[in-house]
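Below: the structure, in structure tokens.
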Amino acid sequence: STCHDKINWNVLAPALQEELEEAFHFLVPYLNDREKTAEEAEKDLEGLQKAEKMKERTGKVFKGLITGVQSYGFFVEIEDLLVEGLVHVSSLKDDWYEYRSRHGCLVGRKNHIAYRLGDEVEVEVKSVDYYRQQIDLVTVGGGSSTNSDNWKDE
């Protein structure tokens, strides 16, 4: 412990060591930026490929799993294709659905059907926006029935 900061481990000549350190200070941030750009490009390409795959399947029905619920709708992952799309709350025409943040679900006022995280649903591919990489879905079946006592105003 008494020799802390007193030992010099440099193997290279001091001038070469300094030159390499300056080069690394320039190269490392540049390479990090290039890596981020490449990762973003890969993610965009993957999204475009998924959108292209789903555009061909517009109008078809698939089974899926609810992977996220928000006030504006819920996200469904189509199990066979590993593609995620959105069921917007405005497409749920059978009832008026309210978002229950405490329970993390959408619940119908009259029919008390709930759409929760992990529920299985059948969805139809309504439309695909290729450039925005968005897949719009509508429900064909699914959700879960609830006891109306569980859904009193919070």
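Just list whichever of 43/63; 55/110; 55/93; 43/126; 63/110 have alpha carbons separated by over 28 Å in the model shown.
Going by Cα-Cα distance, 55/110 fall outside the 28 Å limit.
So what is the relative contact order of the chain, in percent, for Cα pairs below 8 Å that sit 6 or more residues apart?
21
Where nothing but the Cβ of Lys and Arg (+1) and of Asp and Glu (-1) is charged, how large is the charge dipole of the chain around its Cα centre, in debye to the nearest 20?
Roughly 820 debye for the chain.
Given the peptides 4-14, 48-58, arrange them by the average over their residues of other C-beta atoms within 10 Å, most packed first.
Taking the mean over residues of other Cβ atoms within 10 Å, the ranking is 48-58, 4-14.
Any idea how far apart residue 56 and residue 126 come out in nm if each label point goes 7 Å out from Cα toward Cβ?
2.5
Which of these values of percent of Cα pairs over 28 Å apart was calculated from the structure shown: (i) 46; (ii) 26; (iii) 31?
Checked against the structure: label (i).
For the ranges 90-97, 102-109, what's the packing order if you count other beta-carbon atoms within 10 Å of each residue, average per peptide, and put the highest first?
102-109, 90-97
Considering only DSSP beta bridges whose two residues both sit in the stretch 12-154, what percent are antiparallel, to the nearest 5?
In the stretch 12-154, DSSP labels about 95 percent of beta bridges as antiparallel.
Every read-out reported here was derived from the displayed coordinates using simple, explicitly stated rules and does not represent laboratory data. What you see is a predicted model, and the numbers here were worked out from it, not measured in a lab. Cβ atoms come from the backbone with ideal geometry, glycine included; neighbour counts cover every protein chain shown.
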